[in-house]
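The values are calculated or read from the model by the stated rules, or taken from the named source; none is laboratory data. Source: prediction; values computed, not measured. Note that each Cβ is placed from the backbone with ideal geometry, even for glycine, and that neighbours are counted across all protein chains shown. With ligands, DNA and RNA removed, areas are computed over all heavy atoms of the protein, side chains included. Shrake-Rupley method; radii C 1.70, N 1.55, O 1.52, S 1.80 Å.
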Amino acid sequence: MRGPFEQLFDFFKRKPVVLPAAFVVLAAAAVVGALRIDFQEDVFALLPHDEPVVSEAQLAMHRYSGLERIVVAFESDDPVKLARGVDQADESLRKLDGIKEVVSRIDQSAQDDIGKLYLGKAPLLFDESMQQQVEGRLNEHYYRPALQKYVDAQSGAEGIKIVDTFRGDPFGFDELTLKRFQHLNSGFSGKTDAQGRILSADGRLAILLIEADFPSSNTGKGRDLMAAMDAALGELPEGVTPHVIGAHRSSVDNAEVLKSDMHLTILTSVIAILLLFIVAFRALSPILITLLSVGFGFSMALGSQGLVHGDLSAITAGFAAVLLGISVDYAVHLLTTYGSLEGEREDRARQALRHVGRPGFVAMVTTISAIFMLRFSEFDGLHQLSEMAIAGIAGSLVFAFTAGPQLLRKMGPKPGASSLVSNAIGGMQRARRKGRWPVLGVLAVVTVALACFLPSVGFDGDVTHLDGKSQATRESERLVETTFGQETLSRTLVVVGGDTLDQALRQNDLAAHDLHELGAKYESAAWVLPAAQTQRDNVARWRRFWSPQRIEGVKKLIGSVGVKNPNNPDRELKVSPKALKAFFDKLELPEDPPLLDANEIQKRPVWLLLGNFVSQQDGRWYIGTTATLDASKLGELKAREPAAIVLNKAAFVGRMIEFIRHDLLLMGGLSLLLVLVVLWLTFGNPREVAIALVPVAGGMVWTLGLMGALGIPFNIINTLVTVFIAGLGIDYGIFFVQTYRGSESPEQAIERLKHAGAGVLVAALTTLFGFGSMALAQHPALFSVGVTTAIGVTSALVLTLAVVPTLLEMKRHAD
């Protein structure tokens with residue numbers, strides 16, 4: 001009795017125009033759909049869109065310009081050469097296309113502007129923090145040394161300056177005001193030299209900050225800019241070493257290493273697969289048929305996404321190509337069986353289709369059932385991935401089992417073309433049958449041993465560990481972080497917004513207040529540029545603080561403290577409160593004191609120090625604050641600031657790990673349940689169902705055990721590979737069980753399993769050469785995929801060839 005695939009074979013033979021016409025129509029529709037796709041390169045497209053921590057991270061990356069700056073660190077033991085190198089780089093980098101702004105120093109005009117603008121403005125900045133500092137100075141412990149310095153400086157040019165300062169500000173309120181600018185380092189803790197260059201505490205490193213006029217995601221412009229910068233920095237004085245870090249450098253590094261890795265892995269895999277097919281089939285036509293099958297499947301995947309959605313993550317498309325590696329199996333099984341038969345091309349094509357059609361179809365159904373479970377993933381990118389993989393795998397099978405046999409009728413390899421592989425499998429199976437029990441015993445011991453490492457499997461949710469930046473960039477980042485404490489990305493980032501700059505400043509003040517109450521150390525514009533309402537609140541606090549009782553107490557303190565007279569040591573000098581009338585007059589504020597105007601400050605040199613915290617996007621103003629905050633207090637900060645964007649690396653990583661674990665458990669459980677249902681409906685025999693699951697179940701134990709033993713953690717990338725491995729393992733098991741149960745005698749079973757084994761071996765080697773070659777890559781993401789694929793596919797292959805036939809033979813004997 002002819003099966004449905006043989007009936008289709010005869011139908012397309014009688015109607016030779018129907019099949020090409022159908023594929024042309026489908027291909028045309030796929031092209032139309034593919035042309036509609038708008039590829040998105042944002043890694044956030046993979047992550048859960050409705051998860052607050054992801055939304056906040058994405059918004060923070062978009063709104064806080066400090067995350068996009070380029071940092072150049074200059075290293076030298078010679079201070080003179082270091083200063084000359086910074087100045088030379090400043091001059092040359094300003095001339096480059098793509099650079100919007102260069103800041104190599106706190107400009108002298110900005111420093112002068114601080115004095116002009118902020119001296120005497122303590123009441124406007126008199127928040128709770130400054131109030132505590134002022135209270136700490138209103139005592140004899142602070143006043144006596146200040147008075148002694150004043151007395152000692154009664155003569156000389158310097159003394160005049162000190163005398164004038166003391167009379168108007170004996171407790172150093174202006175000093176407290178100016179010290180607030182130290183909180184504008186944006187994560188860089190160090191010092192400045194006389195010319196305002198930003199130096200490390202030991203003076204060996206200097207920092208230059210660059211703002212590009214394009215985002216770091218534009219790697220084309222970024223590559224040109226980095227090349228131009230490297231050329232300019234190559235002209236620095238001898239003994240000065242530049243280190244360039246930042247999002248633009250990382251993006252270019254990733255693009256370069258990906259390009260290099262893809263050239264290496266594609267070249268390696270193409271050569272290896274070509275040699276494999278030539279050895280296995282001794283012909284080139286199988287390569288063409290396989291490529292056409294996989295290519296048609298991929299066109300269906302892309303076309304369906306274009307017609308249904310219109311946009312697609314480029315990362316999702318890349319990993320869909322990995323999952324589509326499963327689809328190569330259908331053409332390989334057909335070709336291997338075809339090549340091992342004798343007779344005319346048409347008869348061999350019909351027999352090969354008869355042998356592989358049903359197991360191939362069942363394998364496809366179970367595979368797409370497992371992949372369908374990606375729809376339940378927390379990661380949005382995996383939803384599209386499942387759709388693409390299902391459409392592509394189904395399309396590849398349709399082509400392989402409809403057009404494939406028709407092509408083999410015309411251009412198939414000679415009889416016995418794959419006999420070399422089949423004979424090798426036959427020899428392996430004879431050796432297995434002779435040593436059945438020792439082989440099972442060894443594999444059982446290996447499985448138990450690897451299962452002991454399952455608790456050691458780690459989960460890494462830190463996406464920065466999948467960054468392909470160069471070793472030189474990593475070392476530069478460590479140098480800057482160690483020297484300057486530049487840990488913006490590892491700190492808590494708080495971003496607030498408003499329709500106007502003053503509204504944004506007000507929200508920023510409230511966030512700074514909450515951070516202060518939570519005990520955080522933070523860098524914020526709120527230290528020196530509070531909103532108008534906050535300044536009025538500070539003035540009110542100042543008035544409440546300087547009550548008549550407190551002023552009287554300060555006068556008593558001043559009148560009671562005396563210091564040694566340098567001209568007459570036997571006489572103690574005191575200052576009368578009346579001599580400090582200028583100071584006490586300043587305590588009494590006018591009814592409506594002039595405020596700091598943020599809009600006017602934007603036009604002044606001091607804005608160079610403040611502008612890095614402020615950005616304007618889509619008609620709104622945003623202000624960022626970086627803080628060192630205990631992770632346990634993040635929840636309270638978010639509760640206090642529900643409208644603020646709060647990004648914390650530790651919290652983000654922890655949440656991603658939760659998602660990965662959730663996906664592994666949920667998708668693994670659902671996939672297993674659905675596969676069990678399909679296998680039961682197919683075989684109707686619990687023993688055969690269990691045998692078919694050996695490659696996938698055992699393969700996963702081996703894969704996870706080896707990952708635990710080798711210290712390879714799960715991440716958002718190689719988690720996908722487990723689905724890939726599960727699909728392959730199911731396919732291998734089904735091909736063997738379906739082939740064996742369709743045999744009429746033990747001899748026929750042995751012969752048919754030899755062909756099935758040859759197909760599994762060639763398919764597995766094709767996958768290993770195609771995707772396992774990524775283990776040669778330098779990029780962490782590609783390397784992770786390559787290593788996990790190599791371990792998983794090898795594990796499933798070994799268990800399929802060494803265990804499944806033995807269990808099937810034992811079942812036959814039992815029956």
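Got a number for residues in region 1-32 being part of a loop (DSSP other than H, G, I, E, B) and of a type outside the set (Val, Ile, Thr)?
Quick first cut of region 1-32, residues part of a loop (DSSP other than H, G, I, E, B) only: 1-3, 15-17.
Next cut, of a type outside the set (Val, Ile, Thr) only: 1-3, 15-16.
So the count comes out to 5.
Which one of LEU782, LEU808 is crowded, with 24+ Cβ neighbours inside 10 Å and either over 20 Å from ASP329 (Cα atoms) or free of Cβ contacts under 8 Å to residues at least 12 places away in the same chain (or both)? Quick ask: steps written out before the conclusion?
On the way: LEU808 fails: crowded, with 24+ Cβ neighbours inside 10 Å.
The unique qualifying residue is LEU782.
Which members of region 623-678 meet the condition of being in contact with a helix residue (DSSP H, G or I) (Cβ under 7 Å, 6 or more places away or on another chain) and farther than 30 Å from PHE613 by Cα?
Within region 623-678, ILE660, ASP663, LEU664, LEU666, MET667, LEU670, SER671, LEU674, VAL675, LEU676, VAL678 qualify.
Against the definition (open to solvent by less than 20 Å² (accessible area, probe 1.4 Å), in a strand (DSSP E or B) and either modelled with pLDDT under 85 or more than 15 Å from VAL72 (Cα to Cα) (or both)), how does VAL496 come out, yes or no? Show your work before the answer.
Values: open to solvent by less than 20 Å² (accessible area, probe 1.4 Å): yes; in a strand (DSSP E or B): yes; either modelled with pLDDT under 85 or more than 15 Å from VAL72 (Cα to Cα) (or both): yes.
For VAL496, the condition - open to solvent by less than 20 Å² (accessible area, probe 1.4 Å), in a strand (DSSP E or B) and either modelled with pLDDT under 85 or more than 15 Å from VAL72 (Cα to Cα) (or both) - is met.
Pairs only if they're at least six apart or on different chains, beta carbon under 6 angstrom, first in region 70-84 and farther than 17 Å from ALA194 by Cα and modelled with pLDDT of 90 or more, second assigned to a strand (DSSP E or B) and open to solvent by 60 Å² or more (accessible area, probe 1.4 Å); list them, first residue then second.
GLU75/THR241
Check region 521-542 and report whether any residue there is within 30 Å of GLN148 (Cβ to Cβ) and either free of Cβ contacts under 8 Å to residues at least 12 places away in the same chain or open to solvent by less than 20 Å² (accessible area, probe 1.4 Å) (or both).
yes
So for region 184-202 (the condition being touching a Ser or Thr at 6+ places or on another chain (Cβ under 7 Å), modelled with pLDDT of 80 or more and either aliphatic (A, V, I, L, M) or open to solvent by 60 Å² or more (accessible area, probe 1.4 Å) (or both)), does at least one residue qualify?
Scanning region 184-202, I find at least one residue that is touching a Ser or Thr at 6+ places or on another chain (Cβ under 7 Å), modelled with pLDDT of 80 or more and either aliphatic (A, V, I, L, M) or open to solvent by 60 Å² or more (accessible area, probe 1.4 Å) (or both), so the answer is yes.
Would you pick out the residues in region 723-779 that are crowded, with 24+ Cβ neighbours inside 10 Å and outside any helix (DSSP H, G or I)?
Within region 723-779, PHE771, HIS779 qualify.
Residues being over 17 Å from the mean Cα position of the chain (by Cα), of a type in the set (S, T, N, Q) and open to solvent by less than 20 Å² (accessible area, probe 1.4 Å): count how many of those fall in region 214-265.
Residues that pass the stated criteria total 1.
Give me a count of the residues in region 428-445 that are open to solvent by less than 30 Å² (accessible area, probe 1.4 Å) and either in contact with a Cys (Cβ under 9 Å, 6 or more places away or on another chain) or in a helix (DSSP H, G or I) (or both). First the steps, then the outcome.
The first filter runs over region 428-445 and keeps only residues open to solvent by less than 30 Å² (accessible area, probe 1.4 Å), leaving 429, 432, 435, 443.
Narrowing the set further to residues that are either in contact with a Cys (Cβ under 9 Å, 6 or more places away or on another chain) or in a helix (DSSP H, G or I) (or both) leaves 429, 432, 443.
Adding up the residues that qualify gives 3.
Which members of region 678-688 meet the condition of being in contact (Cβ under 8 Å) with a residue 12 or more places away in the chain and open to solvent by 10 Å² or more (accessible area, probe 1.4 Å)? Give the steps one after another, and end with the answer.
From region 678-688, those in contact (Cβ under 8 Å) with a residue 12 or more places away in the chain are 678-679, 682-683, 687-688; that's our starting set.
Hits for region 678-688 are VAL678, THR682, PHE683, ARG687, GLU688.
Out of curiosity, is ASN599 in a helix (DSSP H, G or I), touching a residue at least 40 places away in the same chain (Cβ under 8 Å) and loosely packed, with under 14 Cβ neighbours inside 10 Å?
On the way: in a helix (DSSP H, G or I): yes; touching a residue at least 40 places away in the same chain (Cβ under 8 Å): yes; loosely packed, with under 14 Cβ neighbours inside 10 Å: yes.
Answer is yes for this residue.
Looking at SER65, SER104, SER92, SER155, can you tell me which residue is modelled with pLDDT of 75 or more, open to solvent by 10 Å² or more (accessible area, probe 1.4 Å) and among the hydroxyl-bearing types (Ser, Thr, Tyr)?
On the way: SER65 fails: modelled with pLDDT of 75 or more; SER104 fails: open to solvent by 10 Å² or more (accessible area, probe 1.4 Å); SER155 fails: modelled with pLDDT of 75 or more.
Checking each option against the conditions leaves just SER92.
Within region 618-638, work out how many residues are open to solvent by less than 40 Å² (accessible area, probe 1.4 Å) and either part of a helix (DSSP H, G or I) or in contact with a Cys (Cβ under 7 Å, 6 or more places away or on another chain) (or both).
Residues in region 618-638 being open to solvent by less than 40 Å² (accessible area, probe 1.4 Å) and either part of a helix (DSSP H, G or I) or in contact with a Cys (Cβ under 7 Å, 6 or more places away or on another chain) (or both): 2 in total.
Which residue, of ARG354, ARG409, is in contact with an Asp or Glu (Cβ under 8 Å, 6 or more places away or on another chain), modelled with pLDDT of 85 or more, over 17 Å from ILE289 (Cα atoms) and open to solvent by 10 Å² or more (accessible area, probe 1.4 Å)?
Numbers: ARG409 fails: over 17 Å from ILE289 (Cα atoms).
From the options ARG354, ARG409, the qualifying one is ARG354.
Based on what the data block shows, is LEU312 at pLDDT below 85 and either of a type in the set (S, T, N, Q) or part of a helix (DSSP H, G or I) (or both)?
Details: at pLDDT below 85: yes; either of a type in the set (S, T, N, Q) or part of a helix (DSSP H, G or I) (or both): no.
Here the answer is no, as LEU312 does not meet what is asked.
Condition test on LYS586, is it within 53 Å of the chain's Cα centre (by Cα) and open to solvent by 50 Å² or more (accessible area, probe 1.4 Å)? Break it down stepwise before answering.
Details: within 53 Å of the chain's Cα centre (by Cα): no; open to solvent by 50 Å² or more (accessible area, probe 1.4 Å): yes.
No: the conditions fail for LYS586.
Would it be correct to say that ALA231 is of a type in the set (A, V, I, L, M, F, W, C), over 21 Å from SER104 (Cβ atoms) and not in a strand (DSSP E or B)?
Values: of a type in the set (A, V, I, L, M, F, W, C): yes; over 21 Å from SER104 (Cβ atoms): no; not in a strand (DSSP E or B): yes.
No: the conditions fail for ALA231.
Given the structure, is GLY635 farther than 30 Å from GLU378 by Cβ, small (Gly, Ala, Ser) and modelled with pLDDT under 85? So that I can check it myself, show each step before the final result.
Details: farther than 30 Å from GLU378 by Cβ: no; small (Gly, Ala, Ser): yes; modelled with pLDDT under 85: yes.
No: the conditions fail for GLY635.
Within region 697-715, how many residues turn out to be closer than 18 Å to GLY772 by Cα and open to solvent by 10 Å² or more (accessible area, probe 1.4 Å)?
Total meeting the criteria: 8.
Go through region 459-490 and give me each residue that's in a loop (DSSP other than H, G, I, E, B) and either open to solvent by 40 Å² or more (accessible area, probe 1.4 Å) or at pLDDT 80 or above (or both). It would help to see each step written out before you state the result.
Taking region 459-490 as the starting set, the residues that turn out to be in a loop (DSSP other than H, G, I, E, B) are 460-462, 467-470, 485-487.
Within region 459-490, SER470, GLU487 qualify.
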